[in-house]
Amino acid sequence: EEESMTTASLAAGGALLAFGPAGALLLVLVSHKANLVIVVTTSAFAYLCSAVVSALLWLPVPEALRGNPYAIIFPSVAVQFFFRAGYVWLYHRIEDTVEKSIERHSVARARGQTRRQQQHGGPSDQSDDSENDPARLRLELNDWSSGLAAGCGFGGMHAALLYGTLLASEVGNLGTLYQPSCDIMPSLVNAAVVAALFSICDCLWML
């Protein structure tokens, strides 16, 4: 029982360490704005697509080359960069579309005010200006919070795929897993540190 409790505590601590950076951003920054939730979801899906493409690229690799780490490292890095850059490109396209829609709304609103002034022979009623103000329609897409939200989704999904399978396989097991390459640190802690650092790097790169 004592050994099982140690493994449970280790798994809980590893999960907090691995998902801490992305989870903190999600709770403190993203949860207060609906548009940032959409950004997190779509960026997480972008990383998931990059992982699927990386796995598909790994399938045709000959068995003799699968022991060489560079056979998958460079293609995977290139695929992640392509999807990250593609997501940012698509994001800016959506931002431009929203800006053009706001401009059309502003022009239509100005024309409507001018028409009402001509019809009534005086200034029109401005009581609904606060509701129709174009500034209120702006989503503030291209700011630091949106960049961090995109990095939170990208890095959170990266951490989940990197650490989630190991965590799920070790929860409830007796004893502690160590790897020959790092026999002074449990694998759950080692992998949690790597996942946390990758999520932080993803936030910075996306920002």
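For TYR178, which sequence-distant residues (separation of 5 or more, or a different chain) have an amide H within less than 5 Å of its own amide H, given hydrogens modelled in the peptide plane?
SER187
Please find the FRET efficiency linking VAL77 to ARG115, where r is the Cβ-Cβ separation and R0 is fixed at 45 Å, and quote it to the nearest 0.05. Before the final figure, lay out each step's value.
Working: r = 57 Å, r/R0 = 1.27.
With a Förster radius of 45 Å, E is 0.20.
Can you compute the helix-only [θ] at 222 nm over the chain? Use -39500 (n - 2.57) per DSSP H run of at least 4 residues, normalise by all residues, nearest 500 deg cm²/dmol. Don't skip to the answer; put the middle values down first.
Working: 7 runs with 158 residues, N = 207.
Rounded to the nearest 500, it is -26500 deg cm²/dmol.
Suppose a student asked you for the relative contact order of region 140-207, using Cα pairs under 8 Å spaced at least 6 residues apart; what percent would you report? All intermediate terms of the calculation are to be shown ahead of the outcome.
Numbers: 58 pairs, mean separation 38.3, N = 68.
Dividing the mean separation by the residue count of region 140-207 yields 56 percent.
Please quote Rg/Rh for the chain to two decimal places, taking the Kirkwood radius as Rh and restricting both calculations to Cα atoms. Mind dumping the intermediate values first?
Working: Rg = 24.5 Å, Rh = 20.5 Å.
Using Cα coordinates only, the ratio equals 1.20.
Compute, for VAL37, the solvent-accessible surface of its heavy atoms (probe 1.4 Å) with the complete set of protein chains present, and express it in square angstrom to the nearest 10.
For VAL37, solvent-accessible area is about 70 Å².
Across region 61-77, in residue order, what do the Karplus-derived ³J(HN,Hα) couplings come to in whole Hz, using 6.51 cos²θ - 1.76 cosθ + 1.60 with θ = phi - 60° and x for Gly and Pro?
With coefficients 6.51, -1.76 and 1.60, one gets 5, x, 4, 5, 9, 6, x, 8, x, 5, 5, 10, 5, 5, x, 5, 4 Hz.
If each of GLU103 and ALA64 carries a label point 7 Å out from its Cα toward its Cβ, how far apart are those two points in nm?
Label at GLU103, label at ALA64, 5.9 nm between them.
Calculate one ³J(HN,Hα) per residue across region 194-207 by plugging θ = phi - 60° into the Karplus curve 6.51 cos²θ - 1.76 cosθ + 1.60, and present them in order as whole Hz with x for glycine and proline.
Per-residue couplings from phi come out as 4, 5, 5, 5, 5, 5, 5, 4, 4, 4, 5, 5, 5, 5 Hz.
For region 1-95, what does the equivalent ellipsoid look like in terms of its semi-axes, each the square root of 5 times an eigenvalue of the Cα gyration tensor, given largest first in whole Å? The partial results should precede the final answer.
On the way: eigenvalues 171, 157, 15 Å².
Those come to 29, 28, 9 Å.
The values are calculated or read from the model by the stated rules, or taken from the named source; none is laboratory data. If you're wondering where the values come from, they're calculated on a predicted model, not measured in any experiment. Every residue, glycine among them, receives a Cβ derived from its backbone with ideal geometry; neighbour counts consider all protein chains shown. Please note that ligands, DNA and RNA were not included when accessible areas were found on the heavy atoms of the full protein model with its side chains. Shrake-Rupley method; radii C 1.70, N 1.55, O 1.52, S 1.80 Å.
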